[in-house]
Every structure is written in C-alpha cells, then in structure tokens.
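Scroll down for the structure; my scribbles are underneath it.
What follows is calculated from the coordinates using simple rules that are stated; it is not laboratory data. Owing to the predicted nature of the structure, the values given are computational and were not obtained by experimental measurement. Note: ideal-geometry Cβ built from the backbone for every residue, glycine included; neighbour counts use all protein chains shown.
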Amino acid sequence: MITGPSAKRVRIEGAELEVCGQCAKYGVEVQQPKKPALKRNVPGAKATPVVHHRRDAFDMMDGEIVDDYGERIRKARAARGMSQKDLALAVKEKEMLIKKIEKGDLIPEDDVRKKIEKELLIRLVDSPEDPIEKRRADQVKTTFGDLISIKRQP
C-alpha cells in the first residue's frame with residue numbers, strides 16, 4: 001500500500017487499493033471518502049455520523065445476470081398487464097428503481113432480482129441447471145501452458 005500525495009485510490013477486481021500512478025491504470029479510480037455527514041434527528045440531541053456503504057452488485061449475485069434483463073422484465077410485466085408502479089408495489093420497492101432496472105441503468109441486487117423473478121415468473125440469472133453442465137463447468141480447462149513443451153539445451 002502506497003501512502004502520500006502520489007497515491008491514488010483505485011478499485012481493481014472489486015478491491016479498493018491505494019496504489020502509485022503507474023499501477024492506477026489497472027483499475028478504476030475511486031473518489032476519496034469525505035468526512036461523514038452528521039445526522040440530527042432531535043434538536044439538542046447528539047449528532048451521529050451517517051454511514052454510506054459502497055456495494056458492488058457483482059459481489060452480491062448468485063450467478064451471472066443475463067445481458068437483456070431489463071427487456072425480459074419489461075416484456076414479462078407487460079404480458080401480465082402490470083404497470084411499473086404495479087410491479088413496484090408487488091415487490092415492495094420504489095417505482096424509480098423498477099424504471100432504472102428496466103432501462104438497464106441499474107443491475108438489480110440479489111434480493112430485488114429474486115422478488116422480481118418470483119412475481120413475474122422469469123429467470124434473470126444464467127447458471128447451469130443441468131448437473132452434467134455443472135460438472136463440465138467445474139472441470140479444469142486446457143490452457144496454452146498445457147500445450148507448450150519447452151526444450152532446454154544442455
């Protein structure tokens with residue numbers, strides 16, 4: 001970990017690291033956390049810091065979400081004669097969240113995805129259902145290193 005003025009905070013494969021300028025190109029720069037905002041509920045009461053947790057949606061999912069998840073949700077909702085507001089009420093989420101998910105601007109978190117799948121009777125995650133496919137996915141794949149034979153001269 002690098003500290004000092006030249007250090008940059010970057011997200012590399014889901015981990016936030018402080019790295020030098022040269023290594024920063026391997027990730028996405030993350031803004032430095034600001035001082036926590038203070039939440040005041042009752043006048044005269046002690047102020048408590050508001051904690052905002054950063055989440056990576058990919059860390060919370062069971063499998064890989066399909067590319068056309070927004071289109072699938074929109075078609076299934078329309079087929080059932082539901083509006084976005086109806087779907088939001090059925091899954092107990094905000095209508096704006098449903099709109100963003102359908103537009104593809106937001107990947108649904110695992111709990112929201114499951115509620116939408118249950119309500120619309122659809123699947124939004126690609127995962128091998130067949131035990132044979134699962135076994136094949138778990139097997140080790142051949143790499144270039146397995147194919148190359150290095151000859152050393154004595």
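Observations on the structure shown:
- Two-site FRET efficiency, E95 against K75, from Cβ-Cβ distance with R₀ of 30 Å, rounded to 0.05: 0.95
- Taken along the Cα-to-beta-carbon direction at a fixed 7 Å, the label points for R9 and K103 span 2.8 nm.
- Of S83, I98, I73, farthest towards positive along the dipole that unit charges on Lys, Arg, Asp, Glu beta carbons give the range 69-130: S83
- For the range 78-127, the Cβ-based charge dipole about the Cα centre amounts to some 140 debye (Lys, Arg positive; Asp, Glu negative; other atoms uncharged).
- Length released on extending from L121 to D68, taking residue separation times 0.36 nm less the Cα-Cα span: 17.5 nm
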